[in-house]
Amino acid sequence: MSALRQSWAMPSAPRPIVIIGAGGIVKDAHLPAYAKAGFAVAGLFDTDVARATALAEAWDIPTVFGSLEEAAAQDAVFDVAAPPVAHRAILSALPEGASVLLQKPMGLNLEEASAIRAVCRDWKLNAAVNFQLRYSPMMLAVADAIDRGDLGELVEIEVHLNLVTPWHLFPHLNDNPRVEIVSHSIHYLDTIRALVGDPMGVFARSYGHPSSPLSDTRTSAILDYGSTLRVTMSINHHHDYGRRFQDAAFRVEGTKGAAMVKLGLLLDYPTGEPDELWIATHDAPWAQVPLEGRWFPDAFVGPMANLQRFAAGEDAHLATCVEDAWRTMALVEACYQSNAQPGTPLPAY
């Protein structure tokens, strides 16, 4: 099997980036990714000036802006890494026609996603959402194997998580009425859409856990793609009995071959273990595909590279544009609507 694609093409003339938000995801993923890619960060803005200043000093960023208006006045590409509730106000402050990358999710529900989409349309923004799992080296390689026909007709996609997630690292989720699907499994829903498009429907249930204050931290879902392609998710963030039977896998099977992805980041998050990709076909046994990076931080290069190339006319397609991201949010909404419906009752005796 010839080498599989694992990275997004880089812009020929990268523009400077202004980051709005200075939280943990910027420190752990955005800045390491941009440094690795050679993208210049011109400045930071955060309502917590001390946090922005400390982060700028740690990463040798030249400017900490004193206001959102000052940050928005720069000739740059904007990386909005703020909570979803702030997205509309931030987008409205940007210049018309600006290029902007929004941290996921695109709001906390479909109503908010629609309002964000409306602002992007009104301001004619080149706007994308940072659904980055689809840009990770392992998932780009799986997509390439599918596109080349290496796996044949797809018949199975399964996401299986059975592990411990340190939810205490995300205290802002404590009061949210929706947590697991919109904050975590949204990555898998978006990546599944990237591989096989929109399903016809979904059956989903999310559950809380006695040990957690969060509304929901476990999910089961079936995505309806017709009579031959079975797509399922089984997500448990509370398997706290040691590493032996913990699992974080993304399996794709076709009539000619199969791919197994280990989502190593999620095992002992945020330290993680190495990501892995294995592929087998009817003609070749399981073989590990050497990966050229990890989900964090490497996947965060792709969305910014695609946005910059699209804005420069080098890419014809903005993969996670707000219009496409809205479809991922529509799938999330369908999951929650399904969750609110009763199951099919047993027939009466």
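The values are calculated or read from the model by the stated rules, or taken from the named source; none is laboratory data. No experiment lies behind these values; they were computed from the predicted model shown. Positions of Cβ are generated from backbone atoms using ideal geometry, with glycine treated the same way; all protein chains shown enter the neighbour counts. Surface areas here come from the heavy atoms of the whole protein model, side chains and all, with no ligands, DNA or RNA. Shrake-Rupley method; radii C 1.70, N 1.55, O 1.52, S 1.80 Å.
Below are the figures for this structure:
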read-out	value
Cβ-based net charge around residue 138, under 9 Å, with every Lys or Arg adding one and every Asp or Glu removing one	0
Cα gyration tensor shape of region 31-88, rounded if a/c is under 1.5, else prolate or oblate by comparing a/b with b/c	rounded
Apportionment of accessible area to carbon and sulfur, region 145-256, percent (1.4 Å)	52 percent
Three-way shape call for region 6-109 based on the alpha-carbon gyration tensor, with the a/c threshold at 1.5	rounded
Ranked by how many other beta carbons lie within 10 Å on average, peptides 208-219, 78-89 from highest	78-89, 208-219
Dipole magnitude of region 172-310, debye to nearest 20 (Cβ charges: Lys/Arg +1, Asp/Glu -1, about Cα centre)	200 debye
Crossing angle, helix 110-122 versus the chain [Cα axis fit, 0-90 degrees, rounded to tens]	40 degrees
Relative contact order, percent, the chain [alpha-carbon distance under 8 Å, six or more residues apart]	22 percent
Förster radius 51 Å - calculated FRET efficiency between residue 40 and residue 287 (Cβ-Cβ, nearest 0.05)	0.85
15 Å beta-carbon shell around residue 97, net charge (K/R +1, D/E -1)	0
Inter-probe distance in nm under a simple model that places probes 7 Å from Cα toward Cβ, at residue 249 and residue 96	5.4 nm
Accessible area per residue in Å² at 1.4 Å probe, computed on region 23-82	45 Å²
Assigned charges on the beta-carbon of Lys, Arg, Asp, Glu; the chain dipole about Cα centre (debye)	320 debye
Residue 268 versus residue 144: modelled label distance in nm, points set 7 Å from Cα along the beta carbon direction	2.9 nm
Loop sites in region 113-170: GluC sites (Glu not before Pro), DSSP, at most 12 other Cβ within 10 Å	153
Rounded to 10°, Cα long-axis angle of helix 137-147 versus longest principal axis of the chain	60 degrees
Selection from 245, 200, 345 lying farthest towards where the dipole of region 195-349 points positive, charges on Cβ	345
Of all DSSP beta bridges in the chain, antiparallel share, percent nearest 5	60 percent
Cα-based helix-to-principal-axis angle, 186-196 vs the chain, degrees rounded to 10	70 degrees
For region 3-81 and region 252-307, distance of Cα centres in Å	26 Å
Percent carbon-and-sulfur accessible area, region 1-140, ignoring ligands, DNA and RNA, probe 1.4 Å	54 percent
Formal net charge of residues neighbouring residue 71 (Cβ-Cβ distance under 11 Å; K, R +1; D, E -1)	-4
